[in-house]
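Novice: Here it is: the structure, laid out below.
The values are calculated or read from the model by the stated rules, or taken from the named source; none is laboratory data. Keep in mind it's a predicted model, so treat the numbers as computed, not measured. Glycine also receives a Cβ, built like all others from the backbone with ideal geometry; neighbour counts cover every protein chain displayed.
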Amino acid sequence: MDSGSDITAGRADEQALKLSMRHVLLSQDALGLVTWMWDIASNRTRWFGDLSPLVGLSPGSFSAGFREYLPFVHPDDQAMARNTMIECMKGIRPTYQQLERVVWRDGSIHWLETYGMAEFDERSGRALVMMGVVKDVTARKKTEEALAASEAELRRLNSTLEQRVAERTTELHAANAHLTESLASLNRARHDLVQSEKLASLGSLVAGISHEMNTPVGNALLVASTVREKALEFAQQVKIKVTRSALDQFFSETIEGMSVLLANLDRTVDLIRNFKQLASDQTSDQRRTFRLAAVIGEAMSAIGPTLKTRPITVHIDVPDDIEMDSYPGPLSRIVINLVNNSIIHGFEGRERGSIELSAHLRGPDAVEIVYADDGVGMNAEVVRHIFDPFFTTKLGKGGSGLGMHITYNLTTTVLGGRIQVSSKLKEGARFELLLPRVAGAALNGAD
Ligand SMILES: Nc1ncnc2c1ncn2[C@@H]1O[C@H](COP(=O)(O)OP(=O)(O)OP(=O)(O)O)[C@@H](O)[C@H]1O
Ligand SMILES: [Mg+2]
């Protein structure tokens, strides 16, 4: 009975062993592992799993041992594979784990990761059994290689990028320096241009002045020499005999001549007064603090008599509390010039007209004055040239074309402000002046 139960127990052990063996093989398959066991004494190798596909052979065609496996190993890795095996068998190292390349028949290279260890006879200390595990890690290796390659490529790109950035930065610096230099030379050119424009406008001003003065002075000269001749003639005549009628004629001719002379000299004086205004600067005009409303009021009353002769309404809207530290003389001349122009040009041939003048503060430091009439207006050509010296649409009819040029100069140079005109034919004229409350101060923040 006993032996019967022994047999039963033995069978049960065998079954359990088989079961656990299958269990191990299952995990091995799942992990893609092939294992082996080499009995050194009998030189027999047992394989669990199939090595064949790992070395490029058809399934089931490799069942030999390490010696037969070795030729599949890459020539450069063969010595390592053999030495590791020997060292392990001699007990120099208890286990090993390494990567070996195998070369398939088609020449392709595959990576195997191998683990192994030896079992020793306790008494003799000699190796009885070697066992090991093989796993194909080609896919992982390829991924690693690809990763390394792309990292290298990234590093290369990075370094070329850095180089490119450095190059661009240098180029930018150069371009910047070039731009700065161009800007400087542009500024020099602009300065030169302004200088030569100033010279040119001075030249044309001088030419204009000579031209304008020529007529009255020439006339005066002509009249004066005629009167002189007449007087000399009369003096001769007196020596012989003088009649009443000759005396009358002499006096009437002389008086007429003197009147023409005076008219021409008047015109000359007028012109000279205008030219003096042109050349006026801060020093020739009195600077003081004043209320803007008061100065504008005075200017309007100065021009009042002229205004009263026509049905022109004037509406003034200047706050009482705007104080300025500036030049009241030039300011009222500007207002007078604007009103004169409205009367002479704007309302020419018009039954009636209206003028509006308003002022207000623009920020703490600037005053804006807006002057507008509802007269005939101006075409674009006139608007473009209105501030040019000697530009007039009344040539030979009393216009010298200096009024607005003087206005412009007084506004920009004496008062340190700006003036703008806007007008269209039949739509009146509008002038906007922006002046610093303190002459010479910047117009900061007023725009
Ligand atoms: N308010 C206005 N309405 C229409 N045209 C105007 C007005 N103001 C000026 N102009 C035009 O601008 C031109 C130039 O004006 P500016 O005051 O400089 O010269 P002027 O009045 O002709 O001569 P001056 O003022 O020297 O006696 C004028 O001839 C006129 O054509
Ligand atoms: Mg004028």
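Novice: Taking the condition of being over 20 Å from GLN28 (Cβ atoms) and out of contact with any strand residue (DSSP E or B) (no Cβ under 8 Å at 6 or more places or on another chain), how many residues in the range 62-73 meet it?
Specialist: Residues meeting the conditions: 4.
Novice: Of all residues in the range 390-447, which are among the small types (Gly, Ala, Ser), at pLDDT below 95 and either within 16 Å of ligand 2 (Cβ to nearest atom) or outside any loop (DSSP other than H, G, I, E, B) (or both)?
Specialist: Those that are among the small types (Gly, Ala, Ser), at pLDDT below 95 and either within 16 Å of ligand 2 (Cβ to nearest atom) or outside any loop (DSSP other than H, G, I, E, B) (or both): GLY396, GLY398, GLY399, SER400, GLY401, GLY403.
Novice: Test ARG291 against the stated conditions and say whether it is in the same structural domain as THR413 (by TED's automatic domain parsing) and over 44 Å from the mean Cα position of the chain (by Cα).
Specialist: Numbers: in the same structural domain as THR413 (by TED's automatic domain parsing): yes; over 44 Å from the mean Cα position of the chain (by Cα): no.
Here the answer is no, as ARG291 does not meet what is asked.
Novice: Is it the case, given these coordinates, that VAL103 is buried (at least 16 other Cβ atoms within 10 Å of the Cβ) and touching a Gly at 6+ places or on another chain (Cβ under 9 Å)? Spell out how you get there, then give the answer.
Specialist: Details: buried (at least 16 other Cβ atoms within 10 Å of the Cβ): yes; touching a Gly at 6+ places or on another chain (Cβ under 9 Å): yes.
When the stated conditions are applied, VAL103 passes them.
Residues are listed down the side, and each one gets a yes or a no for (1) out of contact with any Cys (no Cβ under 7 Å at 6 or more places or on another chain); (2) among the small types (Gly, Ala, Ser); (3) surrounded by 12 or more Cβ atoms within 10 Å (Cβ to Cβ); (4) closer than 25 Å to ASP50 by Cβ:
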position	(1), (2), (3), (4)
THR84	yes, no, yes, yes
ILE92	yes, no, no, no
ALA149	yes, yes, no, no
ARG156	yes, no, no, no
LEU161	yes, no, no, no
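Novice: Now, a different point. Is it true that LYS141 is modelled with pLDDT of 90 or more, outside the structural domain of ALA81 (by TED's automatic domain parsing) and touching a strand residue (DSSP E or B) at 6+ places or on another chain (Cβ under 9 Å)?
Specialist: In short, yes.
Novice: Going through THR313, THR289 one at a time, which residue ends up being among the polar types (S, T, N, Q) and either over 23 Å from THR413 (Cα atoms) or within 16 Å of ligand 1 (Cβ to nearest atom) (or both)? Break it down stepwise before answering.
Specialist: Numbers: THR289 fails: either over 23 Å from THR413 (Cα atoms) or within 16 Å of ligand 1 (Cβ to nearest atom) (or both).
The match here is THR313.
Novice: What are the pairs with Cβ atoms under 8 angstrom where one residue, in the range 394-422, is farther than 15 Å from GLY346 by Cβ and away from ligand 1 (no atom under 12 Å from the Cβ) and the other, located anywhere, is small (Gly, Ala, Ser) and not in a strand (DSSP E or B)? Sequence gap at least six, or different chains.
Specialist: Qualifying pairs under 8 Å: LEU410/SER280; THR411/GLY417; VAL414/SER280; VAL414/ALA439; LEU415/ALA439; GLY416/ALA439; GLY416/GLY440; GLY416/ALA441.
Novice: Additional query: With crowded, with 16+ Cβ neighbours inside 10 Å and assigned by TED's automatic domain parsing to the domain that holds ASP373 as the only criterion, which of SER301, SER326 stands out?
Specialist: Details: SER301 fails: crowded, with 16+ Cβ neighbours inside 10 Å.
Of SER301, SER326, the one residue that is crowded, with 16+ Cβ neighbours inside 10 Å and assigned by TED's automatic domain parsing to the domain that holds ASP373 is SER326.
Novice: I would also like to ask the following. Quick one: how many residues across the range 335-387 are among the charged types (D, E, K, R), within 35 Å of the chain's Cα centre (by Cα) and more than 12 Å from ligand 1 (Cβ to nearest atom)? Break it down stepwise before answering.
Specialist: We begin by selecting, within the range 335-387, every residue among the charged types (D, E, K, R); these are 348, 350-352, 356, 362, 365, 368, 373-374, 381, 384.
Those left that are additionally within 35 Å of the chain's Cα centre (by Cα): 362, 365, 368, 381, 384.
With more than 12 Å from ligand 1 (Cβ to nearest atom) added as a condition, the list becomes 362, 365, 368.
Result for the range 335-387: 3.
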